[in-house]
Amino acid sequence: MSFGAAIDGLIQALRVLPGVGPKSAQRMAFFLLERNRAGAAQLVVQLQKALENVRRCDQCRNLTDQPRCAICTDARRDQRLLCIVEAPADVAALEQSGGFRGRYFVLHGRLSPLDGLGPKELGFEHLFAQLTNDLTEVVIATNPTVEGEATAHYLAQECHRRSLPVSRIAHGVPIGGELEYLDGNTLTQAMSARRRV
Ligand SMILES: [Zn+2]
């Protein structure tokens with residue numbers, strides 16, 4: 001069913017968002033047009049502003065509206081502690097947890113040749129230039145997927161070649177979780193990564 005070019009175009013455009021199918025896009029379009037035109041206008045302004053100003057940080061490749069992001073330029077953070085993550089959302093999650101006070105490097109993906117993601121796309125050259133002797137530790141926090149693990153393995157080797165202390169984030173039992181509901185892989189990993197208390 002067609003609602004005319006303007007409405008159809010808006011519905012189609014909203015479908016670029018992750019997890020938004022035709023029905024949700026239609027609901028959003030009608031909501032904006034019927035009930036919140038001021039919000040829609042604000043959305044246009046902010047989207048335009050973000051597209052014009054947001055870029056990758058020169059040092060860590062996280063998204064920022066400055067040449068260097070607020071984390072890379074924060075003198076109170078330990079700049080010798082480097083955490084490698086796959087995505088800006090991972091930085092946000094770690095920052096919200098408040099448990100890390102170093103800096104980051106964002107790969108924007110993980111090694112995945114089938115998706116056209118190789119060392120060049122992940123900025124390895126830029127990353128390796130930052131793997132210098134003044135780092136006290138490199139923490140590899142890629143996701144515990146097959147590709148994330150392969151990427152972690154590759155990066156760990158590069159750190160070993162430079163004699164840098166390198167660690168991998170732990171995987172295992174989630175806080176508040178129950179052993180009987182965990183999958184076998186997670187449980188095996190949790191058991192092998194056990195620590196003395
Ligand atoms: Zn940065």
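The values are calculated or read from the model by the stated rules, or taken from the named source; none is laboratory data. Source: prediction; values computed, not measured. Quick reminder, even Gly has a Cβ in these numbers, built from the backbone with ideal geometry, and neighbours come from all protein chains shown.
Observations
- Lone qualifier among 41, 89 - being of a type outside the set (Lys, Arg), modelled with pLDDT of 95 or more, within 16 Å of the ligand (Cβ to nearest atom) and exposed (fewer than 12 other Cβ atoms within 10 Å of the Cβ): 89
- When residues in region 92-108 are screened for being more than 9 Å from the ligand (Cβ to nearest atom), closer than 21 Å to residue 120 by Cα and buried (at least 18 other Cβ atoms within 10 Å of the Cβ), 1 of them pass.
- So residue 82, is it assigned to a strand (DSSP E or B), surrounded by 12 or more Cβ atoms within 10 Å (Cβ to Cβ) and either at negative phi or under 17 Å from the mean Cα position of the chain (by Cα) (or both): yes
- Subset of region 156-172 (residues that are within 21 Å of the chain's Cα centre (by Cα), over 15 Å from residue 124 (Cα atoms) and not β-branched (Val, Ile, Thr)): 167, 168, 170, 171, 172
- Against the criterion of being surrounded by 12 or more Cβ atoms within 10 Å (Cβ to Cβ) and outside any loop (DSSP other than H, G, I, E, B), residue 148 qualifies.
- Sub-6 Å Cβ pairs linking a first residue in region 88-108 that is farther than 19 Å from residue 152 by Cβ to a second residue that is of a type outside the set (Phe, Trp, Tyr), at least 6 apart or interchain, are 101/77; 101/78, ordered by first then second residue.
- Every pair of residues 6+ apart whose Cβ atoms lie under 9 Å, when the first sits in region 112-134 and is farther than 18 Å from residue 145 by Cβ and without any contact (Cβ under 8 Å) to a residue 60 or more places away in the chain while the second is surrounded by 10 or more Cβ atoms within 10 Å (Cβ to Cβ) and of a type in the set (Asp, Glu): 124/158; 127/158; 128/158; 131/158
- Odd one out for residue 134 among (1) under 13 Å from the mean Cα position of the chain (by Cα); (2) under 27 Å from residue 161 (Cβ atoms): (1)
- Subset of region 169-197 (residues that are of a type in the set (D, E, K, R) and assigned to a helix (DSSP H, G or I)): 180
- Single condition residue 60 does not satisfy, out of (1) within 17 Å of residue 9 (Cβ to Cβ); (2) not β-branched (Val, Ile, Thr); (3) not in a helix (DSSP H, G or I): (1)
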